[in-house]
Each structure stands twice: as structure tokens, then as C-alpha cells.
Amino acid sequence: MRWMCGRKLIGVVGGMLGVLFMVPSVSAGTHKGFPEKYSDIYMPVSLAVGTIRTPEFSAVSQWYDILVQVEKPLPFQRMTCMMGVVGGPLDLKYCSSDDPLLRADWTVWDGEHVVDHGSFPDRCACSFDNKYIYKLLGSFSGEAGKKYTVEVKFTKDGTPLNVANPHLIVIRHKKFW
């Protein structure tokens, strides 16, 4: 009988230790749920026509993504149209002829040298969670030890989206997706 009690005690203590060690990782969430903590650049921006440039950041040898993050203060369907993140052609019937409002070209610089450049993709290239919509503007390959700046030129007036608290994010691909 004592042997069974000792065995139960070990099981209970082991279970409690397991829960104790699991709870911090579960409650902290994953890095993908907190891009503001794990990105190389996380900065508020206006989506007005014009050019913004990030501070310089050091890279490692990985792919980096350039994204715009917005909150969802407007009706979801309207936000997807404005951001250019509709699911398919059938969803376009809910969009206006002026959508998407978010349009941009981007350039990655290593000092005075252009490393990569591109434009707003026509496909969804997006992600959603309970609080945010993310639109991928582009990706580039980082080299270890290099210092980069990212320049984004907003080519269409997206100021109606400024109510959504837009942020520009530059993050390692595997830390976001």
C-alpha cells in the first residue's frame, strides 16, 4: 500500500513540475504572436504618399520580410479591401474602385548600395490574427555582419488607414511565419 502511495506522490510531483515548467512558455505566447518584440524594425508610420527610411540594423544570414501591420478599427471586409488582402476575386465585389489604398515600392540599402528592391505584391501575401492584419511588401536575403536600412515609398494615399495605427516591420522570415 505504501508503495502505491509513493508512486502516486511521484506522479503528482512530476505532474506539478511539468505544469510549472510549461505554464511560462504557454502564457508567454510564441514569437510569432509578438512581432513587435522579435522584429529588427518595428516603427509607426503614416501611409501618406511619401518615403520613409528605417534606422540601420545588423543582419544575420537569413531571409527578412518587410510588412505593414494595422489594427482593425473599421469593418473587417473594408479593411481587407483597403489593405489589398482580399481572399480572391469574389471578395473584390465588396471593394471600391479606389482599393487597395496601400501601395508601396521598397528598397533595401547597404550603405549607399542597393541590395534589393520591389513593389507591393498583387496577391494576398498576408496574415491575420485577432488584433492585426499584416501585409507583406517584400522579402530580401540578409548577410551576416551587414548593416541595412529599408526605404519604403508609399505611392498611393493610404491616409484613411492611419486610423488603424500602421507599423512598418522588418523581421526575419522564420520569426514571423
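The values are calculated or read from the model by the stated rules, or taken from the named source; none is laboratory data. Predicted, not measured: the structure shown is a model, and the values here were computed from it. In this analysis, Cβ positions are derived from the backbone assuming ideal geometry, glycine residues included, and neighbour counts consider all displayed protein chains. Ligands, DNA and RNA are stripped out before the accessible areas are found, and what is left, the full protein with its side chains, is counted by its heavy atoms. Shrake-Rupley method; radii C 1.70, N 1.55, O 1.52, S 1.80 Å.
State whether one or more residues within the range 132-142 are open to solvent by 30 Å² or more (accessible area, probe 1.4 Å) and among the charged types (D, E, K, R). Reasoning before the result, please.
First pass over the range 132-142, keeping only residues open to solvent by 30 Å² or more (accessible area, probe 1.4 Å): 132, 139, 141.
Next, only the ones that are among the charged types (D, E, K, R) stay: none.
No, that holds for no residue.
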**Q.** Test: residue in the range 61-70 that is within 19 Å of the chain's Cα centre (by Cα), assigned to a strand (DSSP E or B) and loosely packed, with under 12 Cβ neighbours inside 10 Å
**A.** no
Q | Test: residue in the range 26-37 that is surrounded by 15 or more Cβ atoms within 10 Å (Cβ to Cβ), closer than 16 Å to LYS135 by Cα and at pLDDT 90 or above | A | no
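Quick one: in the range 120-149, which of the residues that are aromatic (Phe, Trp, Tyr) and more than 14 Å from the chain's Cα centre (by Cα) is nearest to ARG103 (Cα to Cα)? Spell out the reasoning first.
Kept after step one, since they are aromatic (Phe, Trp, Tyr), are these residues of the range 120-149: 120, 128, 132, 134, 140, 148.
Of the ones still in play, those that are also more than 14 Å from the chain's Cα centre (by Cα) are 120, 140, 148.
Numbers: PHE120: 6, PHE140: 18, TYR148: 22 Å.
Ranking the candidates gives PHE120 first.
Pull up the range 48-60, narrow it to residues that are small (Gly, Ala, Ser) and either part of a loop (DSSP other than H, G, I, E, B) or surrounded by 13 or more Cβ atoms within 10 Å (Cβ to Cβ) (or both), then point me to the one that is farthest from the chain's Cα centre (by Cα). Let's see the steps before the verdict.
Going through the range 48-60, the residues small (Gly, Ala, Ser) turn out to be 48, 50, 58-59.
Still in the running and either part of a loop (DSSP other than H, G, I, E, B) or surrounded by 13 or more Cβ atoms within 10 Å (Cβ to Cβ) (or both): 48, 59.
Working: ALA48: 20, ALA59: 17 Å.
For the range 48-60, the residue satisfying everything is ALA48.
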**Q.** Scan of the range 82-99 for residues that are touching a helix residue (DSSP H, G or I) at 6+ places or on another chain (Cβ under 6 Å) and either outside any helix (DSSP H, G or I) or buried (at least 17 other Cβ atoms within 10 Å of the Cβ) (or both), ordered by number
**A.** MET82, VAL86, CYS95, ASP99
